[in-house]
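J.: Got a structure here, written out as C-alpha cells. Questions coming.
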Amino acid sequence: MGCHCKERTQAIVRGASALARGDLRTVATSAGYVARTAVQDARTGALRTAAASQLARLKGSLGRR
C-alpha cells in the first residue's frame, strides 16, 4: 500500500471548498482524514518513500538539460 498523497490532496480541496460554503461538518471530516492518513503514512514510512521517489525524479529531470 502506497502513500495517501493524492487522496489527501482531494480531501484538502474538499475541505477548503466546504469551508468557503460554511459547511463545518465536511471541513471536520476532511481534516480528520488528512490527519489520520498522514499519521498512518508516517508510521509505515510511505511518506519517506514517496519523497525519495519524487527527489529522484527531480534530479533525473535536472540532469537531462
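J.: Taking LYS59 as meeting all but one of (1) surrounded by 11 or more Cβ atoms within 10 Å (Cβ to Cβ); (2) basic (Lys, Arg); (3) at pLDDT 80 or above, write down the number of the exception.
T.: In the conditions (1) surrounded by 11 or more Cβ atoms within 10 Å (Cβ to Cβ); (2) basic (Lys, Arg); (3) at pLDDT 80 or above, LYS59 misses (1) alone.
J.: What number of residues within the stretch 17-65 satisfy the criterion of being touching a Cys at 6+ places or on another chain (Cβ under 8 Å) and not β-branched (Val, Ile, Thr)?
T.: Within the stretch 17-65, residues that are touching a Cys at 6+ places or on another chain (Cβ under 8 Å) and not β-branched (Val, Ile, Thr) number 4.
J.: Considering only residues of the stretch 34-46 that are out of contact with any Lys or Arg (no Cβ under 6 Å at 6 or more places or on another chain) and open to solvent by less than 60 Å² (accessible area, probe 1.4 Å), which is modelled with the highest pLDDT?
T.: Out of the qualifying residues, it is ALA35.
J.: If only one of ALA28, ALA50 is of a type in the set (A, V, I, L, M, F, W, C), in contact (Cβ under 8 Å) with a residue 12 or more places away in the chain and either open to solvent by less than 100 Å² (accessible area, probe 1.4 Å) or part of a helix (DSSP H, G or I) (or both), which one is it?
T.: ALA50
J.: Hey, another quick one. Return the total of residues in the stretch 1-23 being hydrophobic (A, V, I, L, M, F, W, C), assigned to a helix (DSSP H, G or I) and either in contact with a helix residue (DSSP H, G or I) (Cβ under 7 Å, 6 or more places away or on another chain) or loosely packed, with under 11 Cβ neighbours inside 10 Å (or both).
T.: 6
The values are calculated or read from the model by the stated rules, or taken from the named source; none is laboratory data. Given the structure is predicted, the values throughout are model-derived calculations rather than measurements. Because the Cβ atoms are built from the backbone with ideal geometry, glycine has one as well, and the counts that use them run over all protein chains shown. SASA here: full protein model, heavy atoms, side chains in, ligands and nucleic acids out. Shrake-Rupley method; radii C 1.70, N 1.55, O 1.52, S 1.80 Å.
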